[in-house]
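Since every read-out is calculated from the coordinates, none of them should be taken as a lab result. All of these numbers come straight from a predicted model, not from anything done at the bench. Please note: Cβ atoms are built from the backbone with ideal geometry, for glycine as well, and neighbour counts cover all protein chains shown.
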Amino acid sequence: MTTSFKNKIALNFTLSTALMIAVVFVLVYTIVNLTVFGRLEKDLNFEAREHLQELGIKNGIPFFEDKIEWLEKEHLFLEINPVFVQLSGLDGKVIDKSPNLKTDELRADLSKPDMQFFRTKLLGRSIGQMQIVVKGKSGKVGYLVVAIPIDESEKVMSNLQTVLLISLPAVLLLLFLITRFIAGRSIEPVLSVIDTADKITNENLSARIAIPARKDELEKLVITINALMDRIENAVEREKQFTSDASHELRTPLAVIKGTLEVLIRKPRTAEEYIDKVAYCINEINRINYLVDQLLLLARFESQKKAMDLQKIDLSELTETILIRQQERILDKELSISLQTDERYVVYSDPYMTDIIIENLISNAVKYSKHTGHVIIEIRPQKHALVYKIIDDGIGIAPWEIEKIKEPFYRSNPLGHPEIKGSGLGLSIVKRMCELLLITFSIQSSLDKGTTVSLTFNS
Ligand code: ADP
């Protein structure tokens with residue numbers, strides 16, 4: 001069974017309050033009890049001492065000296081809470097007693113210490129009693145027993161107990177209902193959050209939860225959920241864009257191949273024409289191959305952190321190997337390439353990924369350089385890092401496109417330079433791998449002036 005949140009809050013609150021109220025009630029009861037009976041005890045104590053003064057001893061037997069005066073006093077006042085006084089011998093037999101005892105008599109309880117207040121019964125009535133040893137010259141001669149009715153006080157205490165015991169559950173029930181109502185009202189916005197969150201489906205990711213008017217934790221929760229939804233929506237959007245771009249990029253060369261071959265078989269052609277068109281198709285197939293390779297590479301590093309194989313890499317050595325691989329294109333464009341570094345710097349990284357990153361960046365610098373352009377590769381230490389820069393004086397990138405070119409399939413102004421072929425995937429692969437290897441990757445560029453790409457290897 002699931003308990004609703006408001007019931008849980010109300011129950012917890014009521015239980016903790018119940019504990020506190022119970023403690024308060026016990027305290028109240030104890031204090032009243034101590035006050036009422038403490039007062040009675042004090043009164044009785046006073047009476048006992050008074051009457052002790054009035055005692056005389058004759059022949060070793062105690063007696064009331066002013067009995068006549070005392071009896072008169074008894075008649076003069078109608079006492080509501082009369083004090084019973086009794087004089088008993090050492091054997092417990094009654095020697096004398098106050099007239100208000102009539103035929104009854106008090107029983108001295110010798111197990112109790114002298115002057116100790118205790119409760120007992122006198123013909124069914126509750127009384128508070130105490131006794132004092134009466135001493136003559138020769139020692140103990142008897143006991144003075146005094147008592148006072150306490151049934152009124154006991155009634156007060158029992159009433160108080162009943163009131164407290166009945167009011168505790170009543171107060172708690174009331175408290176539970178009130179807390180439940182207040183808790184219910186305060187979590188109402190949560191219900192609206194649940195309601196809106198329910199409406200967010202795969203098809204409708206744009207629904208957002210209305211931000212509550214009050215600035216509290218709930219407002220923060222809603223803002224966080226909304227921000228999370230923004231990120232999910234963006235990711236899904238990027239995913240859709242990626243799939244549609246990928247299929248478009250793959251379909252285009254296929255359509256070109258299909259069109260070329262269809263035209264080719266329409267009528268007989270010369271051998272040169274066949275060679276020319278087939279070579280064109282092979283070129284397109286190579287493009288598809290390259291694209292598929294790059295897509296696979298991206299997919300491999302997109303979904304999971306590939307187990308990294310960290311090794312010492314000599315950056316100058318790696319650069320020289322890559323330059324050899326790019327040699328043909330460098331010579332074609334008659335580029336001047338210079339590697340500037342003071343010494344051989346080593347980084348601790350994954351050789352396979354580092355190779356792909358640097359190769360992509362050098363290849364871009366070569367690709368987007370003008371004829372007879374210059375490319376400088378600079379390796380310099382900087383505080384606790386090593387900075388690897390590729391500086392070209394090529395076509396450059398417009399400032400608003402610098403972040404965009406890191407997205408898959410984004411190519412800056414491809415129609416402006418149709419002769420430069422590319423997939424738009426290189427930099428997104430570089431970006432992803434740099435994230436995995438914790439390499440800071442940044443681009444500075446100025447249109448028509450050139451581009452500087454920096455990789456910061458943190459040590
Ligand atoms: P590709 O080169 O295959 O198009 P990239 O992801 O490597 O894909 O690059 C994305 C885009 O960024 C390129 O199309 C190009 O417009 C721009 N770009 C990358 N590097 C440079 C550079 N060194 N100089 C000028 N533009 C560049």
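Approximating the spin labels as points 7 Å out from Cα along Cα→Cβ, the residue 125-to-residue 72 distance works out to 2.6 nm.
Would you compute, from DSSP H runs of 4+ residues alone, the mean residue ellipticity of the chain at 222 nm, taking -39500 (n - 2.57) per run and dividing by the full residue count, rounded to the nearest 500? Mind showing how you got there, number by number?
Numbers: 10 runs with 236 residues, N = 459.
It lands at -18000 deg cm²/dmol.
Assuming charge only on the beta carbon of Lys and Arg (+1) and of Asp and Glu (-1), the dipole of the chain about its Cα centre is about 620 debye to the nearest 20. Identify, among 11, 379, 228, the residue whose Cα sits farthest towards the positive end of the charge dipole of the chain, taking +1 on the Cβ of Lys and Arg and -1 on the Cβ of Asp and Glu, with the dipole about the Cα centre. Looking along the dipole axis, the top candidate is 11. Charges were assigned to the Cβ only: +1 to each Lys and Arg, -1 to each Asp and Glu. The resulting dipole of the range 210-328 about its Cα centre is roughly 400 debye.
In this rough spin-label picture, where each label sits 7 Å from Cα along the Cβ direction, the residue 311-residue 238 distance is 3.1 nm. Applying a DSSP loop filter and a limit of 15 other Cβ atoms within 10 Å to the chymotrypsin sites (Phe, Trp or Tyr not before Pro) in the range 240-322 leaves nothing.
Which loop-located trypsin sites (Lys or Arg not before Pro) does the range 286-381 contain, where loop means any DSSP state but H, G, I, E or B and the Cβ has at most 15 other Cβ atoms within 10 Å? All intermediate terms of the calculation are to be shown ahead of the outcome.
Numbers: sites: 287, 300, 305, 306, 312, 325, 329, 333, 344, 367, 370; in loops: 305, 306, 344, 370.
Here the sparse-neighbourhood loop sites are 305, 306, 344, 370.
Applying the criteria of a DSSP loop state and at most 13 other Cβ atoms within 10 Å to the GluC sites (Glu not before Pro) of the range 102-207 yields 203.
What does the charge dipole of the range 34-165 about its Cα centre add up to, to the nearest 20 debye, if the Cβ of each Lys and Arg holds +1 and the Cβ of each Asp and Glu holds -1? Could you put the intermediate results ahead of the total?
Values: 18 positive and 20 negative charges, 92 e Å.
It comes to approximately 440 debye.
Within the same chain, lysines fewer than 8 places from residue 312 are excluded, and of the rest, those with a Cα less than 22 Å from its Cα are 383, 389, 431.
What is the angle, in °, between the Cα long axis of helix 5-53 and the longest principal axis of the Cα atoms in the chain? Nearest 10 is fine, range 0 to 90. Helix 5-53 and the main axis of the chain meet at about 20 degrees. In a fully extended conformation the segment linking residue 54 and residue 263 would gain 60.7 nm over its present Cα-Cα distance, using 0.36 nm per residue.
Given a Förster distance of 51 Å, report the FRET efficiency between residue 61 and residue 19 from their Cβ-Cβ distance, rounded to the nearest 0.05. Mind dumping the intermediate values first?
Numbers: r = 60 Å, r/R0 = 1.17.
After rounding to 0.05, the efficiency reads 0.30.
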